[in-house]
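Have a look at the structure below, then the notes.
The values are calculated or read from the model by the stated rules, or taken from the named source; none is laboratory data. The model shown is predicted, which means the values in this text are computed figures rather than measured ones. Don't worry about glycine lacking a Cβ; one is built from the backbone with ideal geometry, like all the others, and counts go over all protein chains shown. Only protein heavy atoms, including side chains, enter the accessible area calculation; ligands, DNA and RNA are left aside. Shrake-Rupley method; radii C 1.70, N 1.55, O 1.52, S 1.80 Å.
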Amino acid sequence: MRSANITPDEETGIGSWSETDFIVKFKYYDSPEAMTLKVADVGYQSAMPWLMYAGMTERDLSAIYKFLRTVKPVKNHVEKYTPAK
Ligand code: HEM
């Protein structure tokens with residue numbers, strides 16, 4: 001597993017994500033059900049602390065999104081997951 005390119009590059013980063021896409025992605029994990037998701041349900045385990053961050057307010061997530069839009073886009077395709085050997 002490799003951490004994602006979250007610069008605003010359209011092709012290899014999250015440049016095509018709207019602010020709503022960004023917030024929804026985090027808030028998806030803000031439920032009691034999310035606490036019991038099995039790895040098989042999503043395919044791969046992630047080091048990204050989605051459950052921890054899901055409790056952030058939309059205002060905070062919006063501020064993070066706006067900051068990330070100010071970062072220089074980097075063209076760098078990341079293969080986030082590859083099967084274990
Ligand atoms: C405020 C801090 C952080 C923000 C805003 C953030 C944001 C994101 C976003 C938006 C993605 C999905 C990108 C995509 O689907 O292309 C992602 C993925 C990822 N992040 Fe983070 N992240 C943060 C902190 C961290 C930390 C602390 C770790 C690990 C210690 C981490 C590890 C990962 C990994 C491994 C992925 C790829 C796997 C996945 O999508 O779940 N991130 N991150």
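Things to note:
- Filter result for Lys80 (within 11 Å of the ligand (Cβ to nearest atom), modelled with pLDDT of 95 or more and either of a type in the set (Lys, Arg) or on the phi > 0 side of the Ramachandran plot (or both)): no
- In the range 38-71, the residues that are out of contact with any Ser or Thr (no Cβ under 9 Å at 6 or more places or on another chain), in a loop (DSSP other than H, G, I, E, B) and within 11 Å of the ligand (Cβ to nearest atom): Gly43, Tyr44, Gln45, Ser46, Pro49, Met56
- Screening Met1, Met35 for residues that are open to solvent by 80 Å² or more (accessible area, probe 1.4 Å), outside any loop (DSSP other than H, G, I, E, B) and modelled with pLDDT under 90 leaves exactly one candidate, Met35.
- Near pairs, Cβ below 8 angstrom, 6+ apart or cross-chain, from the range 43-60 (farther than 16 Å from Val24 by Cα) to any residue that is within 8 Å of the ligand (Cβ to nearest atom): Gly43/Tyr81; Tyr44/Met1; Tyr44/Tyr81; Gln45/Met1; Ser46/Met1; Ala47/Met1; Ala47/Ser3
- In the range 7-32, the residues that are out of contact with any Leu (no Cβ under 6 Å at 6 or more places or on another chain), surrounded by 16 or more Cβ atoms within 10 Å (Cβ to Cβ) and of a type in the set (Val, Ile, Thr): Thr7, Ile14
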